[in-house]
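Below is one structure, written out as structure tokens; comments come after it.
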Amino acid sequence: MQDVINVWNWVYSNQITFSLLAILLMLVAGFISSVICRFFLLGVVRRFILHTNKNSDHQDKDMRITRRLANVVPVVTVYFMSQLINGLPDALIEAIRTLCGVLFIVNITMLINELLDTTISAYTKRHGSKSGSIKGYVQIGKIVVSSIATILVIATLSNKSPVIIISSLGAVAAVLMLVFQHTLISLVANIQVSSSHVIQLGDWIEMPVCGISGEVTDIALHTITVRNWDNTLSQVPTKNFITEPYTNWQPMFESGGRRIKRSFFIDQSSISFASTELLDGLKAAVPGKIDNTEAYLEQRLSERSDQQLIHHGITNLGLFRGYVMNYLKQRDDIRNDMYVIVRQLSPTAEGLPIEIYCFTSNVFWAAYEETQSEIFEFMYATAGYFNLGIFQKPSGIDVANTWPQRRKSTL
């Protein structure tokens, strides 16, 4: 026993040895407290912070939060032990206090950042991805927390009040605004985009200036990530959605009606007045019912004759437009509560454009294209029954077919 007392007295009298032993003792105590807290705090974090269990998909997240909390405990342990152990040099105590203060601020900052990341997944889980992205706001919060932590670290290292550090920043405010100008612009843009809900996760957007067409997969502070339909990823600065034109197709999906607006060309030389012969041929040959066309003719004609048809200006093109209109209204995938129009456009050198303007309930791309193709294939196939020609420019086959006739005429 006396030997132990003699050794302790020698260690206590030797300042360097005593300091090294005290530092080792504090490190061991800090390590033990960290290990104990990791196992103890894991259940607390899962139950009271994340409200999950060990079988959930948040295991990696709760381990990170537990690790951040456990890193705070040894720092506090070392700090209080440095105050309780007598005989340590004042310079060593001051160094330990400063180092513990810096580590405490850094660990608390990282813990807050982890909790902010947790709010993103918790918000998405509760409200769904269509409710808007809060990632930009979370990143703004991280910048604020990191800025405050930087000021506190500088104040701790310099042993000055944070108020003095903040007041000294006024001299370099212009430099800071120059350095963080893109961050400030992105901050304003992100607030405008998020608050107005013009873009949300899962929206289909097109930005012709950047050649982007795809689905929004991420909305961050500085950039918005879009997965294009060719499976490439594009990151667009958030400010571009304020300064550049773009189209958001999501309201079209929500309305339940996607517009069909396409035209084809009629050979103008094939347009003529209707005749009784044409009407009889239509009644016998045209696919589908023409009850509406018959009712239309009975309202305008006292008797069916070629003179009456000419007198009332009834043409084969007018009958065709009415027939197509009737066909569109009878389709189950065409919205009759929205515009359904078959109209003429201004004549061109390629012929007379006939435009179909309507809305289909098939808003998704594959079904939409199928509906549009069926409509125009039907019109191409039935135009001939009305003695109408579909115009197209002469091809090499057309020229080759006319060559024997031209050769005979020259002979």
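The values are calculated or read from the model by the stated rules, or taken from the named source; none is laboratory data. It should be emphasised that the depicted structure is a prediction, and the values quoted were computed from it without experimental measurement. As a convention, Cβ positions derive from the backbone with ideal geometry for all residues, glycine included, and neighbour counts pool all protein chains shown. These accessible areas exclude ligands, DNA and RNA; they are computed on the full protein's heavy atoms, side chains included. Shrake-Rupley method; radii C 1.70, N 1.55, O 1.52, S 1.80 Å.
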Segment 315-386: which GluC sites (Glu not before Pro) are DSSP loop and have at most 14 other beta-carbon atoms within 10 angstrom? 350
Which cross-chain or sequence-distant (5 or more) residues have an amide H under 5 Å from the amide H of residue 238, H modelled 1.01 Å from N in plane? 223, 224
Surrounding net charge for residue 321, when Lys and Arg each add one and Asp and Glu each subtract one, Cβ distance under 14 Å: +1
As a test question: what accessible area, to the nearest 10 Å², does residue 103 have when a 1.4 Å probe is rolled over all protein chains in place? 80
Using a 1.4 angstrom probe on the protein heavy atoms only, could you order 210, 37, 358 from most to least accessible area? 210, 37, 358
Under 5 Å, built H, 5+ apart or other chain: amide partners of residue 334: 361
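Can you put 390, 134 in order of accessible area, largest first, using a 1.4 Å probe?
Descending accessible area places them as 390, 134.
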With every protein chain left in place, what is the accessible area of residue 332 in Å² (1.4 Å probe, nearest 10)? 150
Solvent accessible area, Å² - residue 229, 1.4 Å probe, full protein context: 150
Quick one: ranking 108, 354 by accessible area, 1.4 Å probe, largest first, what do you get? 108, 354
